[in-house]
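Heads up, the thing below is written out as structure tokens.
The values are calculated or read from the model by the stated rules, or taken from the named source; none is laboratory data. In this text the structure is predicted, and so the values were computed from the model without any measurement. Here Cβ is always computed from backbone atoms with ideal geometry, including for glycine, and neighbour counts include all displayed protein chains.
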């Protein structure tokens with residue numbers, strides 16, 4: 001028995017040593033395997049969440065577009081660009097003659113997404129406090145009380161903005177740029193989402209005050225309404241003959257869903273080659289002999305958000321060259337200051353179109369990451 005014990009002892013010693021080595025190896029390997037499993041699972045979950053969020057965004061945008069289409073006839077491109085501005089957290093200046101449906105479009109959008117809507121008719125005697133609000137003395141409370149102005153809303157229609165004095169126009173600078181309003185040293189944030197749609201008439205210049213460059217640069221886009229074709233005008237007459245579609249319009253989404261769309265816009269993929277294309281377009285506006293002042297860095301970021309927003313409106317989670325072609329003129333043209341004698345009314349638009357035609361578009365698989 002002792003011989004057997006003497007024979008077996010070395011065997012058990014080797015087995016014991018190998019077992020310890022194996023356990024030590026497992027202690028190192030198991031955490032690594034667990035980490036890999038967690039990473040793979042996390043990426044799969046993120047991918048599923050992102051895809052589900054994207055599909056919901058696509059459905060929601062289609063619902064808003066169709067709902068606005070119950071009131072507006074035609075103007076499909078203008079509606080898409082307006083939705084792009086909303087999703088990209090930008091503001092819109094609509095320049096067109098009276099009666100083209102600018103106010104109806106703004107109200108249709110506000111009703112479709114349950115936004116609090118206010119309208120200000122800008123006139124020469126309008127004061128900044130008529131826009132932002134003011135503090136008044138309440139005799140009962142024996143203290144000053146703040147009365148919010150119409151700018152405290154989600155969608156503000158600044159009708160005929162160029163009829164107000166520059167002092168009143170400047171009251172919108174802070175709320176458009178920083179989404180807050182300061183009155184008597186007290187700063188109050190505006191509720192998100194916040195969108196300003198301003199209108200002006202390009203034909204009448206008597207008694208108007210042109211918007212300064214600082215104000216123009218705060219608008220993401222400058223748009224105009226599309227003219228109706230004979231068929232569209234006939235359809236409009238039939239639609240409004242016995243009904244009032246705007247009064248019957250109901251919402252299809254809530255404010256929170258718009259905020260989700262705005263967050264989803266930031267996740268839209270932009271290929272590095274298209275980033276360089278965007279930079280080249282902007283840089284070209286700063287070295288053109290016809291342009292006195294090109295696109296600012298704020299304009300560059302606006303261009304970025306606009307192409308991302310337009311891609312999302314078109315049902316894609318990645319940007320393609322057509323997005324640049326569609327939004328370039330509305331986003332960039334109004335930011336240019338043309339040389340004296342070079343501005344003939346459409347000079348800025350023509351220069352942007354020339355730049356787009358001159359710079360070669362890269363070719364790639366734009367959806368690849």
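Can you confirm whether region 80-92 contains a residue that is in contact with a helix residue (DSSP H, G or I) (Cβ under 9 Å, 6 or more places away or on another chain) and assigned to a strand (DSSP E or B)?
Yes, there is a match, as at least one residue in region 80-92 is in contact with a helix residue (DSSP H, G or I) (Cβ under 9 Å, 6 or more places away or on another chain) and assigned to a strand (DSSP E or B).
Based on what the data block shows, is residue 99 at pLDDT 90 or above, assigned to a loop (DSSP other than H, G, I, E, B) and closer than 30 Å to residue 172 by Cβ?
Spelling it out, it is not the case that residue 99 is at pLDDT 90 or above, assigned to a loop (DSSP other than H, G, I, E, B) and closer than 30 Å to residue 172 by Cβ.
Please tell me if residue 282 is in contact with a helix residue (DSSP H, G or I) (Cβ under 6 Å, 6 or more places away or on another chain), more than 16 Å from residue 84 (Cβ to Cβ) and either touching a residue at least 24 places away in the same chain (Cβ under 8 Å) or assigned to a helix (DSSP H, G or I) (or both).
yes
Does region 188-198 include one or more residues that are out of contact with any helix residue (DSSP H, G or I) (no Cβ under 9 Å at 6 or more places or on another chain), within 28 Å of residue 325 (Cβ to Cβ), surrounded by 12 or more Cβ atoms within 10 Å (Cβ to Cβ) and touching a residue at least 12 places away in the same chain (Cβ under 8 Å)?
No, region 188-198 contains no residue that is out of contact with any helix residue (DSSP H, G or I) (no Cβ under 9 Å at 6 or more places or on another chain), within 28 Å of residue 325 (Cβ to Cβ), surrounded by 12 or more Cβ atoms within 10 Å (Cβ to Cβ) and touching a residue at least 12 places away in the same chain (Cβ under 8 Å).
Picking from 208, 168, which residue would you name as being in contact with a helix residue (DSSP H, G or I) (Cβ under 9 Å, 6 or more places away or on another chain), surrounded by 14 or more Cβ atoms within 10 Å (Cβ to Cβ) and part of a loop (DSSP other than H, G, I, E, B)?
It is 208.
What pairs come out if I take residues in region 254-268 that are at negative phi and assigned to a loop (DSSP other than H, G, I, E, B) and pair them with residues that are at pLDDT below 90 and surrounded by 18 or more Cβ atoms within 10 Å (Cβ to Cβ) whose C-beta lies under 6 Å away, six or more apart or interchain?
Qualifying pairs under 6 Å: 268/317.
Conditions (1) exposed (fewer than 15 other Cβ atoms within 10 Å of the Cβ); (2) at pLDDT 90 or above; (3) under 26 Å from residue 113 (Cα atoms), marked per residue:
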{"position": "234", "(1), (2), (3)": "yes, yes, no"}
{"position": "246", "(1), (2), (3)": "no, no, yes"}
{"position": "254", "(1), (2), (3)": "yes, no, yes"}
{"position": "258", "(1), (2), (3)": "no, yes, yes"}
{"position": "277", "(1), (2), (3)": "no, yes, no"}
{"position": "284", "(1), (2), (3)": "no, yes, no"}
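Would you check if there is a residue in region 119-131 being surrounded by 13 or more Cβ atoms within 10 Å (Cβ to Cβ), under 27 Å from residue 252 (Cα atoms) and modelled with pLDDT of 90 or more?
yes
Pick from 293, 229: which is closer than 30 Å to residue 99 by Cβ, loosely packed, with under 15 Cβ neighbours inside 10 Å and touching a residue at least 24 places away in the same chain (Cβ under 8 Å)?
229
From 181, 197, grab the single residue that is farther than 30 Å from residue 73 by Cβ and either in contact with a strand residue (DSSP E or B) (Cβ under 8 Å, 6 or more places away or on another chain) or outside any loop (DSSP other than H, G, I, E, B) (or both).
Sole residue among the options that is farther than 30 Å from residue 73 by Cβ and either in contact with a strand residue (DSSP E or B) (Cβ under 8 Å, 6 or more places away or on another chain) or outside any loop (DSSP other than H, G, I, E, B) (or both): 181.
Would a scan of region 138-159 turn up a residue that is modelled with pLDDT of 90 or more, out of contact with any strand residue (DSSP E or B) (no Cβ under 6 Å at 6 or more places or on another chain) and over 27 Å from residue 87 (Cβ atoms)?
No: region 138-159 contains no residue that is modelled with pLDDT of 90 or more, out of contact with any strand residue (DSSP E or B) (no Cβ under 6 Å at 6 or more places or on another chain) and over 27 Å from residue 87 (Cβ atoms).
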